[in-house]
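S.K.: The structure's right below; bear with me while I get my questions together.
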Amino acid sequence: MNKKLIKFFKIIGIIILLLYTGVCALLYFNQDDLLFHPQPNTPKEVSEILNKYPEFDTLSFVMKDANRTCGYISIDTITKKLPLVLYFGGNAEEVSHLAEKQKYFTSTIMVLINYRSFGLSQGEISEQTMFSDALEVYDKLIDNPEVDANKIIIIGRSIGTGVATYVSSQRKTSATILITPYENMIDVAFEKYPFVPISLLIKHRFESDKYAPTISSPMLALISKNDQVIPKHHAYKLKEAWKGKTEALEVNEDHNSIMNNEEVWKKIEGFVKESIK
């Protein structure tokens, strides 16, 4: 092989290496923007939400770092203590729309939590702040004299299933409900970017399969057959890792349309009633 050809291949190799390094750097430094899609609200928009859902009021807690975590809480018209349903949404989900699902959670207090940079919540979102805020919110809510601290249901959707699983591993819960869950974000991301060392690059790992084996309370997984965002096999891997009793309902929906499936909400309704009776 002549020297010119060797030099040509060296140049090509260097170009490929630089391009590969650039792609890895781009993924690393932009992963927050790829993963999190904040949905902030103005006070005016929140007022309109409350007008639309008069059975809810705003909720606001000051976290240890002085940022506020905000959301919505159903208005309790019953004098006795009630079970708590605590919901954590997806990575682009402002949670107020879930107020329309309250009909499936009768005789409970329903709380919808917005992550940092969502709704009126303050601060910078990350896996760490999502987890720590969730635990702080849980602890503050069970101190509410209207809440039955022995009957807590945690619900998570999509990325929020990682938050819900973490909370259930760290606090007492009656049951966990996971909509389009995954075992960990590393495996999900690797399927989308198999050509890069994801395990070395990813900052927000959401390793639910690490926490699931410690959770003895039951879990219900709602799985979309046609999910292109989190393919369904990820949900079944998490189900296998869960220590407590598990149930699963797979429906012919995609990642988003599952939220409008009546069978899904009826299944959730029955599971909640069974868990808090």
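S.K.: Let me check against my output: what whole-number percent is the relative contact order of region 148-277, with C-alpha pairs under 8 Å and at least 6 apart?
M.R.: About 25 percent, as a whole number.
S.K.: Report in % the part of the accessible area of region 100-215 that belongs to carbon and sulfur, leaving out ligands and nucleic acids; probe 1.4 Å.
M.R.: Whole-percent figure for carbon plus sulfur exposure: 50.
S.K.: For the chain, calculate the relative contact order in percent as a whole number, restricting contacts to Cα pairs under 8 Å that are 6 or more residues apart.
M.R.: With pairs under 8 Å counted, the relative contact order is 15 percent.
S.K.: Excluding ligands, DNA and RNA, what is the solvent-accessible area per residue of region 23-70 at a probe of 1.4 Å, expressed in Å²? Let's see the in-between values first.
M.R.: Working: 3100 Å² over 48 residues.
Value for region 23-70: 64 Å² per residue.
S.K.: So, taking all protein chains as they sit and a 1.4 Å probe, how much accessible area belongs to residue 167, in Å² rounded to tens?
M.R.: Number for this one is 0 Å².
S.K.: Using the beta-carbon distance between residue 103 and residue 51 and R0 = 25 Å, what value does 1/(1 + (r/R0)^6) give for FRET efficiency, to the nearest 0.05? Don't skip to the answer; put the middle values down first.
M.R.: On the way: r = 19 Å, r/R0 = 0.74.
Computed FRET efficiency for residue 103 and residue 51 comes out at 0.85.
S.K.: Output wanted: per-residue J couplings in Hz (rounded whole) for region 197-202, from phi through Karplus 6.51 cos²θ - 1.76 cosθ + 1.60, θ = phi - 60°, x for Gly and Pro.
M.R.: x, 4, 4, 8, 8, 6
S.K.: May I pose another question? With the dipole of the chain worked out from charges on the C-beta (+1 for Lys and Arg, -1 for Asp and Glu) around the Cα centre, which of 62, 117, 98 lies farthest toward the positive end?
M.R.: Most positive-ward Cα: 117.
S.K.: Now for a separate question. Give me, ordered by chain and number, the residues 5 or more places off residue 171 or on other chains with an amide H under 5 Å from its own placed amide H.
M.R.: Residues meeting the criterion, in which the H sits 1.01 Å from N, do not exist here.
S.K.: Compare 189, 134, 164 in a GNM of the chain, Cα atoms joined below 10 Å, and give the one with the largest fluctuation.
M.R.: 189
S.K.: Let me ask you something else. State the extension gain, in nm to one decimal, for the chain segment bounded by residue 248 and residue 172, taking 0.36 nm per residue of separation less the distance between their alpha-carbons.
M.R.: Answer, rounded to one decimal: 25.2 nm.
S.K.: Continuing with the same structure: So, for region 175-237, what is the accessible surface per residue at a probe of 1.4 Å, expressed in square angstrom?
M.R.: Heavy-atom SASA per residue in region 175-237 reads 40 Å².
S.K.: Moving on to the next point. Once both axes come from the Cα atoms, what is the angle between helix 262-276 and the longest principal axis of the chain, in degrees from 0 to 90, rounded to 10?
M.R.: 60
S.K.: Now for a separate question. With charges only on Cβ, +1 for K and R and -1 for D and E, what is the dipole size of region 78-165 about its Cα centre, in debye, rounded to 20?
M.R.: Rounded to the nearest 20 debye, it is 400 debye.
S.K.: While we're looking at this one, here's another question. Please determine, in degrees from 0 to 90 and to the nearest 10, the orientation of helix 127-142 with respect to the longest principal axis defined by the Cα atoms of the chain, where the helix direction is its Cα long axis.
M.R.: Helix 127-142 sits at roughly 10 degrees to that axis.
S.K.: Could you give the dipole magnitude of region 137-277 about its Cα centre, charging the beta-carbon of Lys and Arg +1 and that of Asp and Glu -1, in debye to the nearest 20?
M.R.: 320
S.K.: Mind checking the dipole of the chain: about its Cα centre, +1 per Lys or Arg Cβ, -1 per Asp or Glu Cβ, Debye to the nearest 20?
M.R.: Roughly 940 debye, rounded to the nearest 20.
S.K.: So what's the angle, to the nearest 10 degrees on a 0 to 90 scale, between helix 160-170 and the longest Cα principal axis of the chain?
M.R.: Roughly 70 degrees, rounded to the nearest 10.
S.K.: Would you mind getting the accessible area per residue of region 76-135, heavy atoms of the protein chains only, 1.4 Å probe, in Å²? Intermediate values should be presented prior to the final figure.
M.R.: Values: 2140 Å² over 60 residues.
With the other protein chains kept in place, region 76-135 gives 36 Å² per residue.
S.K.: Related question: For 136, 100, 240, give me the order by solvent-accessible area with a 1.4 Å probe, most accessible first, ignoring ligands, DNA and RNA.
M.R.: On the way: 136 30, 100 90, 240 150 Å².
Reading off the accessible areas and sorting them downward yields 240, 100, 136.
S.K.: Would you kindly find the accessible area of residue 227, with a 1.4 Å probe and non-protein molecules such as ligands, DNA and RNA excluded, rounding to the nearest 10 Å²?
M.R.: Here the residue's solvent-accessible area equals roughly 10 Å².
S.K.: Then there is this: Quick query: amide H of residue 227 versus all other amide H atoms, modeled in the peptide plane; which residues come in under 5 Å with a sequence gap of 5 or more or a different chain?
M.R.: Sorted by chain and number, the residues that satisfy this are 232.
The values are calculated or read from the model by the stated rules, or taken from the named source; none is laboratory data. Bear in mind the structure is a predicted one, so any value in this text is a computation, not a measurement. Backbone-built Cβ (ideal geometry, glycine too); neighbour counts: all protein chains shown. Side chains are part of the model used for accessible areas, which takes the heavy atoms of the whole protein and leaves out ligands, DNA and RNA. Shrake-Rupley method; radii C 1.70, N 1.55, O 1.52, S 1.80 Å.
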